[in-house]
Amino acid sequence: MVNNNVWSIIILFNPDLEKLKSLVHHLMLQNSNIILVNNGTKKAFISDLINEHVFLIQLEDNLGIATAQNVGIVFAKKKNAKGIFLFDQDSKISNNFIPAMLNAKLNSSVGMIVPNVLDVNTNKYLEPRIYNRQDSKITVEFPKNKNTVGLIRKAAKPIASGSYIFMDALMEVGGMREKFFIDAVDTDFSFRLIERGYDVFRINNVHLVHPVGNKIERNFFGKKIFLSNHSPKRRYYIGRNNIWLWKIHFGKINGITKEVFVTLASQLVYSLLEKSSISKTSHLIWGVFWGLILSPKEFVREIR
């Protein structure tokens, strides 16, 4: 029997049919309602998945992941959801993913919880940044060591897929920043939660399998590295949105300057080492340029 309080949103963009069916199947087995928000070309097989607990929202064009997530969130809110799971179309979950996430014992200040994510490209678990509050100052930094011994740990900059966001937090801080379109949407949202006093926790013993980008392995001065292998267009958004991220959160998040510099520097190195390096590098620089010239709109969609 489907639990009317459990809602999962899957963002689609020309998905792989088998992977999508598998994710929908596992979510239904765990009694979740499902909202499919299709940002890509309408395809007949997506309609075949629809039933009384699986809903399809077809967008007229590719409006970006932030807009698609907001559309799904508003739909779930109208269905009286107490919170929502966000998934990418190619994520894999275990048979007890949802109950394990929702049964974690947390305090009342939690705005979002996230799973422990295994990147299938590298076969390694992601380690989100750690954050600390002291005297009204928030510091975000790389974790000094892996902290998976306890049940939970604080997490800044987690990826969106597999996350569970409480509706009360969404109503207070707003939805995803649609102007970002695709990159750094999840980072901006997690920072806004933390700035508003909410906690973001990773549940260490709940796992999600997910391909983070289209990474390829290369040797760099004798050291093995994984290149992100993003398209030139994605490099533009990475450049622009990280500068916007810095503009929005500078003065609120200690360490944001280092964070943005490390991201842009690594993307520059990746661009130079990948195929189509001239195009990727120029798009990244162009994105940084327009990020500096243009100011991001502070508006975020209210969830009511």
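Worth pointing out:
- The residues listed here are Leu56, Leu27, Leu49, Leu63; of these, the one that is part of a strand (DSSP E or B) and either open to solvent by less than 30 Å² (accessible area, probe 1.4 Å) or over 19 Å from Phe201 (Cβ atoms) (or both) is Leu56.
- Residue under evaluation Lys258, criteria (1) part of a helix (DSSP H, G or I); (2) open to solvent by 80 Å² or more (accessible area, probe 1.4 Å); (3) touching a Lys or Arg at 6+ places or on another chain (Cβ under 9 Å), criterion not met: (3)
- Residue that is nearest to Leu227 (Cα to Cα) [pool: residues in the range 263-290 that are among the β-branched types (Val, Ile, Thr) and either open to solvent by less than 40 Å² (accessible area, probe 1.4 Å) or modelled with pLDDT under 95 (or both)]: Val269
- Residue in the range 92-104 that is more than 27 Å from Arg153 (Cα to Cα), surrounded by 15 or more Cβ atoms within 10 Å (Cβ to Cβ) and of a type in the set (Val, Ile, Thr) present: no
- The residues listed here are Ile182, Ile203, Ile194; of these, the one that is open to solvent by 20 Å² or more (accessible area, probe 1.4 Å) and aliphatic (A, V, I, L, M) is Ile182.
- Out of His283, His249, sole residue that is under 22 Å from the mean Cα position of the chain (by Cα) and not β-branched (Val, Ile, Thr): His249
- Residue under evaluation Asn38, criteria (1) crowded, with 19+ Cβ neighbours inside 10 Å; (2) in contact with a Pro (Cβ under 8 Å, 6 or more places away or on another chain), criterion not met: (2)
- Some residue of the range 62-70 being over 14 Å from Leu208 (Cα atoms) and over 15 Å from the mean Cα position of the chain (by Cα): yes
The values are calculated or read from the model by the stated rules, or taken from the named source; none is laboratory data. Note that the structure is a prediction, hence the values are computed from the model and not measured. Ideal geometry is used to build each Cβ from the backbone, glycine not excepted, and the neighbour counts take in all protein chains shown. Protein only, heavy atoms only, side chains kept; ligands, DNA and RNA dropped before computing areas. Shrake-Rupley method; radii C 1.70, N 1.55, O 1.52, S 1.80 Å.
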